[in-house]
Amino acid sequence: MINKELFIEHRIIMTPGPVEADPRVLRAMTHPIIGQFDPDFLKIMDQTMIMGREIFQTKNKWTYAIVGTARSGMEAILFSIIKPNEKVYVPIFGRFGHLIAEIAKRAQGNVHTSEKPLGEVYSFEELKREIDTFTPKVVAIVHGESSTGMMQPLEELGRYCRKKNIILVVDNVATLAGAPFYTDEWCIDAVASGSQKCLAMPAGLSLITYNERVEKIIMERQKIEQGLDITSQNEDMILTNYLDLSQLQEYWGEKRLNHHTEATSMLYALYEAYRLTLQEGLAERIARHALNKKALMAGLKAMGLSTFGDLNHQMPTISCVNIPKGADDAQIRDDLVKHYNIEIAPGFGSLKGKVWRIGALGYSSRKQNILIFLGALETLLLYHHVDIKPGKAVFAALDVYHQAT
Ligand SMILES: Cc1ncc(COP(=O)(O)O)c(C=O)c1O
């Protein structure tokens, strides 16, 4: 019989996610379960919508949470707007662009992709050229590509898509509340994010927002479950029930349509994560991520390590560093966990064995984590006879913090 009480040791999580959850978020999850139509619970839902608008920088009415990990939000948006054979353009610059293309194909879109070499982002002219040639109905793109550490500028793309009446969908899973992101100002029609990154929650919710342009498309496809409305019919119905935004928004809206059973404790967590974000201040939280990134980069550089990819388009939340010559990827990562309780992430696909992905997101984005990590990495690299510059990394990071105060 398994009768040992569960015990999980605290880790410093410096991966792209999941990252350390804020203890106040975890505490919020221990509140008692109440019914999903309980007036107190409905109030919590409404309040998450209000706070969500501020965090997404939008006036969109439809700003709510989907039960599922971050990709469920992207899947819900794409399945709800793409009709079979509709043209979708997905510019890819890393693993999560491939994921969007995969979802769009499964939604039966006519999907056109382009690919940039890993470590680069698109210029607006490159995107415009593809859009003008392919004339898509939908463009779907990642903002912060956590597989490469690159952040794609979106402002010009947004303006152009709006001018051409194209629906622009963005994945800001790894940047929401960690990097500047302006849904309305950048003319983004729909956004999908995730709970386990800069919001410092466990994985399990996708946060989404979309405007009236998207609402119009999905409401034209609405078909309510037969058990709730026997008369509801629609030839163009959305090809998923669980992620059907036309039904989900009726649950989050005034009608309170009975759809799925809500993940009550996750909604408590979201309420608290949003509240804490706004209490800190969205701008201040973003500045905290930028400062910790700067200190991390200064430390890695002082050690003699080089950054992967275009230095002008780095995410402030995730850094990809080239693994130095003579270092064994897995051994260093294993030793970090074994001796220091620190987790960092390997590269994906062709970057496996070439880069380490180091995250400083949400509650993990703390000065203490950066300094401990730099000290630990330096010691382990020296211990394994890797040729780096000793004794400089933590000093360089400390300099950044001193200059900032
Ligand atoms: C940029 C980005 N998009 C999408 C995802 C997919 O999220 P999930 O694994 O929560 O479904 C991730 C996960 O790391 C991500 O970093």
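The values are calculated or read from the model by the stated rules, or taken from the named source; none is laboratory data. Model, not experiment: these values are computed from the prediction. For neighbour counting, all protein chains shown are included, and Cβ atoms are generated from backbone atoms with ideal geometry for every residue, glycine included.
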(message) Just to check your reading of the model, which residue among Glu54, Glu75, Glu9, Glu86 is in contact with a strand residue (DSSP E or B) (Cβ under 9 Å, 6 or more places away or on another chain), acidic (Asp, Glu) and touching a residue at least 60 places away in the same chain (Cβ under 8 Å)?
(response) Glu75
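Looking at Leu380, Leu311, which is the one that is within 27 Å of the chain's Cα centre (by Cα) and either over 30 Å from Ile8 (Cβ atoms) or in contact (Cβ under 8 Å) with a residue 40 or more places away in the chain (or both)?
Leu311
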(message) For the range 185-240: of the residues being free of Cβ contacts under 8 Å to residues at least 12 places away in the same chain and in contact with a Lys or Arg (Cβ under 7 Å, 6 or more places away or on another chain), which is surrounded by the most Cβ atoms within 10 Å (Cβ to Cβ)?
(response) Ser232
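Let's see how each residue does on (1) in a loop (DSSP other than H, G, I, E, B); (2) outside the structural domain of Gly204 (by TED's automatic domain parsing); (3) at pLDDT 95 or above; (4) surrounded by fewer than 16 Cβ atoms within 10 Å (Cβ to Cβ):
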| site | (1), (2), (3), (4) |
| --- | --- |
| Glu9 | yes, yes, no, yes |
| Gly17 | yes, yes, yes, no |
| Ile33 | yes, no, yes, yes |
| Phe37 | yes, no, yes, yes |
| Phe41 | no, no, yes, no |
| Ile44 | no, no, yes, no |
| Met51 | no, no, yes, no |
(request) Considering only the range 86-108, state which residues are touching a Pro at 6+ places or on another chain (Cβ under 8 Å) and more than 30 Å from Leu311 (Cβ to Cβ). (result) Lys87, Val88, Gln108
(request) Name, by its number, the condition in (1) modelled with pLDDT of 95 or more; (2) over 19 Å from Leu361 (Cβ atoms) that does not hold for Ile55. (result) (2)
(request) Find the helices (runs of 4 or more DSSP H) located wholly in the range 182-297 whose residues include 1 or more that are under 21 Å from Gly35 (Cβ atoms) and either among the aromatic types (Phe, Trp, Tyr) or within 16 Å of the ligand (Cβ to nearest atom) (or both), and list them. (result) 245-252, 264-280
